[in-house]
There are 2 protein chains.
Amino acid sequence: MEDSDNSTPSITSLNCPVPLPHNQRIVLSHGSGGKRTYDLVKKVFLSNFETFETSSLNDSAILPIFGKNIALTTDSHVVSPLFFPGGDIGRLAVCGTVNDLAMVGATPVFLTAGFILEEGLEIRVLEKIVSSMHTAALESGVKIIAGDTKVVQKNKADGLYITTSGFGIIPDGITIRGDLAKPGDIVIVSGSIGEHGVAVLTARGELGFDSDVLSDVSPLNDLVAKMISATKEIHVLRDPTRGGLATTLNEIAQQSAVNITIYENRLVVKENVRATCEFLGFDPLYIANEGKLIAIIPPQHSESILRVMHNHPYGKEAAIIGEVKTAPEGRVLLKTNLGSTQILDMLSGELLPRIC
Amino acid sequence: MEDSDNSTPSITSLNCPVPLPHNQRIVLSHGSGGKRTYDLVKKVFLSNFETFETSSLNDSAILPIFGKNIALTTDSHVVSPLFFPGGDIGRLAVCGTVNDLAMVGATPVFLTAGFILEEGLEIRVLEKIVSSMHTAALESGVKIIAGDTKVVQKNKADGLYITTSGFGIIPDGITIRGDLAKPGDIVIVSGSIGEHGVAVLTARGELGFDSDVLSDVSPLNDLVAKMISATKEIHVLRDPTRGGLATTLNEIAQQSAVNITIYENRLVVKENVRATCEFLGFDPLYIANEGKLIAIIPPQHSESILRVMHNHPYGKEAAIIGEVKTAPEGRVLLKTNLGSTQILDMLSGELLPRIC
């Protein structure tokens, strides 16, 4: 940024800005969850908030208090459309925050919800979404205990946005973080990938064809609790949302300074997801999931973990998809079905805006 | 609502709704903080979230955990414009949440922040706002420890919205709630009223004239800590934001099932606020404040509380403005300078949209 003046600008200067180059304005890809989000967070937020955690780092902040570790997290939800096959923004808002807590091993306890409503929104739509949040909260065992409602004029929002924040308690002896992957660990994914993104895309009605893909949006806290009961020695948990499996694995590889190598033939991609992605030129590895997790654990626990996962409705198709190695550090490699090795990068542009 | 079907609607039915009467859609006054907000919260949220707390009830949810009471709260901020005399959306987002925690007697500890950014927003604007949040967090002694960033297309937001959530710890022996006002208690306000609303209105440039009113947006947690050190016997604390002093006093009168009688000649309204309000036909009693509090306490503590308040930069003009009586229950009365008694109702329509 050329303007290094930190004083509050006059309103005049903000209303009549000098035209700025493209790279000095927010673009959709800043919200993709990929490289541009990461860069924005680093540039704008980390310099101001020393301990600022975002989905690019850990899913929740872990904080010691009263001799325990608690987890706090927040997520704004702007998915379009509000209803999509398999879910809606309300279920997404609850599950997204529950899962962010679960990914540091926390038991989710309380949620808060801030609503930004667009003038003209039908109250019955709001009621259906709030009812869906209630159902998801019951399923996850969390209580929604505080809320706020703001209304903005028409065309200053898109129906409604929901920001959920979560409070959870981390059981004693549990330390699960993105920087704890160790060479020799195995990489497990809890099921098939790419469904949420494809379901939302289909719901937009822009494909020119229908698909029967349902979003996988689900609360994963009970699955995580079962996994922790099998072994406390889980190094990393992460839900591959925006940016998909490939981007999330890259974040872990960078945070842990390791290589992660995965095998194409181990990935589960449902036929309808594969077909839609092929048609559109998308790679399921970069499509958002909302009910899947990546677990990185020492190999000796793979059998016990997979056993509890396979017995859980949200882990039935769990599989070992790869392993952690020392080099090339910070990189993710994909061994393809044809036997070649590809570098799997972070998502760099914007694949699907407003997917969550 | 005529449609009592609770199943998820088909996307088609949502995209092509039957035209609804005005009272079945969200209108700006649903966000005013007045009667319509209260009705919406009761109708939509309280039926789904049993312990849902909103600014219409208490400012924060109070929850027992680890043998302590913690406070959790959330607030979405949609103020327009983003910068106004005396503050900006960043300072507002931090102070609003800090104050909601302080109003239940909690020491604010951690905040989270969810950003919804409009495509095209200048990154330098975002940087100035985040820097302002940092300054306000330092002043309040809170840490912003988690965040999230989403981007929506142009005309799907208005620059940016910030949802802040807060975590605080309530000192042992402190119980401050909106339903604890007792007949005989006195009502204190910490200073002059109406500044924030008038400052934001001026910044919109729609008045046809300038005013030199500055928003009072400030963190009140240190003031509250000093008040608690003077006496633990504070019954009610509340910051009169949306809907102003009159609406907030009505909420307290209803929650506590008491009458609150205030005296016009005890209220402090700065001359520039008074002049602007007179010109526009507004009543300062209904204008939002962002750095003032109402305290309701037993009369024997008034001297010690006022002493610490008068020694604090945010309580210098604190004054006793009224008292709590038994009847008429749930009502607020204003004794005017002319000697008459008026019923002071809640804000019923929308006075100033997007004031916070």
(request) Kindly express, to the nearest 10 degrees and within the range 0 to 90, the angle between helix A:123-140's C-alpha long axis and the longest C-alpha principal axis of chain A. (result) 30 degrees
(message) A 20 angstrom limit on the alpha carbon distance is what I want to check against. Which of A:Lys42/B:Lys150; A:Lys43/B:Lys128; A:Lys154/B:Lys43; A:Lys42/B:Lys128; B:Lys143/B:Lys232; A:Lys143/B:Lys143 exceed it?
(response) A:Lys154/B:Lys43; B:Lys143/B:Lys232; A:Lys143/B:Lys143
(request) Could I have the simple spin-label model distance between B:Asp172 and B:Phe66, label points 7 Å from Cα toward Cβ, reported in nm to one decimal? (result) 1.5 nm
(request) Return the value, in Å² to the nearest 100, of accessible area buried between chains A and B (probe 1.4 Å, both sides summed). (result) 8700 Å²
(request) With r as the distance between the Cβ atoms of B:Asp212 and B:Lys316 and R0 = 25 Å, compute the FRET efficiency 1/(1 + (r/R0)^6) and round to 0.05. (result) 0.85
(message) Is there a quick way to get the dipole size of chain B? I mean about its Cα centre, with the Cβ of Lys and Arg at +1 and of Asp and Glu at -1; what is the value in debye to the nearest 20?
(response) 340 debye
(message) Could you order the peptides B:102-108, B:323-329 from most to least packed, using the average number of other C-beta atoms within 10 Å per residue?
(response) B:102-108, B:323-329
(request) Give the calculated FRET efficiency between B:Asp39 and B:Phe279 to the nearest 0.05, with a Förster radius of 35 Å applied to their Cβ-Cβ distance. (result) 0.65
(request) Quick one: grab the alpha carbon gyration tensor of the range B:28-170, order the square roots of its eigenvalues as a ≥ b ≥ c, and give me rounded if a/c is under 1.5, else prolate or oblate depending on whether a/b is larger than b/c. (result) oblate
(message) Keeping every protein chain present and rolling a 1.4 Å probe, give me the accessible area per residue for the protein assembly as shown in Å².
(response) 36 Å²
(message) Need one number: % antiparallel among DSSP beta bridges in chain B, to the nearest 5.
(response) 75 percent
(request) Take every residue in peptide A:319-330, count the Cβ atoms of other chains within 10 Å of its Cβ, and give the average of those counts. (result) 0
(request) Please state the charge dipole magnitude for the range B:186-344, taken about the Cα centre, from unit charges on C-beta atoms (+1 on K and R, -1 on D and E), reported in debye and rounded to the nearest 20. (result) 400 debye
(request) For the range B:186-344, restrict the atom set to alpha-carbon positions and state the Rg and Dmax in Å. (result) 15.5, 48
(request) Keeping all protein chains in position, work out how much accessible area B:Arg354 exposes to a 1.4 Å probe, and write it in Å² to the nearest 10. (result) 20 Å²
(message) With the alpha-carbon atoms as the only input, what is the per residue convex hull volume for the range A:216-297 in Å³?
(response) 111 Å³
(request) For an R0 of 41 angstrom, estimate the FRET efficiency from the Cβ-Cβ distance between A:Ser340 and B:Asn155 and round to the nearest 0.05. (result) 0.35
(message) Bin width 20 Å, origin at 0, all Cα-Cα pairs of the protein assembly as shown: what percent of pairs per bin?
(response) 18, 50, 26, 5, 0
(message) Given Cβ point charges of +1 (Lys, Arg) and -1 (Asp, Glu) and nothing else, what value in debye, to the nearest 20, does the dipole of the protein assembly as shown about its Cα centre take?
(response) 660 debye
(message) At a 10 angstrom cut-off on C-beta neighbours, averaged per residue, how do the peptides B:268-280, A:115-127 rank from highest to lowest?
(response) A:115-127, B:268-280
(request) Out of all DSSP beta bridges with both ends in the protein assembly as shown, state the antiparallel percent to the nearest 5. (result) 75 percent
(message) Within 10 Å of each Cβ in B:61-72, how many Cβ atoms from other chains are there, averaged over the peptide?
(response) 4
(request) Ignore the peptide's own chain and count Cβ atoms of other chains within 10 Å of each Cβ in B:24-37; give me the average, rounded. (result) 5
(request) Over the protein assembly as shown, with every protein chain in place, what whole percent of the accessible area is carbon and sulfur at 1.4 Å, could you tell me? (result) 51 percent
(message) Could you tell me the ratio Rg/Rh of chain B? Both radii from Cα atoms, Rh via Kirkwood.
(response) 0.97
(request) Based on the mean of other Cβ atoms within 10 Å per residue, sort peptides B:306-319, A:177-190, A:333-346 so the most packed one is first. (result) A:177-190, B:306-319, A:333-346
(request) Name the residue farthest towards the positive end of the dipole of the range B:201-261 from the options B:Ala257, B:Leu223, B:Thr247, assuming +1 on Cβ of Lys and Arg, -1 on Cβ of Asp and Glu, about the Cα centre. (result) B:Ala257
(message) Using a Cα-Cα cut-off of under 12 Å, which aspartates and glutamates could be cross-linked to B:Lys335, ignoring same-chain neighbours fewer than 8 residues away?
(response) B:Glu264, B:Glu323
(request) Just name one of B:Ala146, B:Ser47, B:Leu28: the one whose Cα is farthest towards the positive end of the charge dipole of the range B:28-170 (beta-carbon charges, Lys/Arg +1, Asp/Glu -1). (result) B:Ser47
(message) With both bridge residues required to lie in the range B:186-344, what share of the DSSP beta bridges run antiparallel, to the nearest 5%?
(response) 80 percent
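The values are calculated or read from the model by the stated rules, or taken from the named source; none is laboratory data. Predicted model, so just to flag it, every value in this text is computed and none were measured. Positions of Cβ are generated from backbone atoms using ideal geometry, with glycine treated the same way; all protein chains shown enter the neighbour counts. For accessibility, only protein heavy atoms count, side chains too; no ligands or nucleic acids. Shrake-Rupley method; radii C 1.70, N 1.55, O 1.52, S 1.80 Å.
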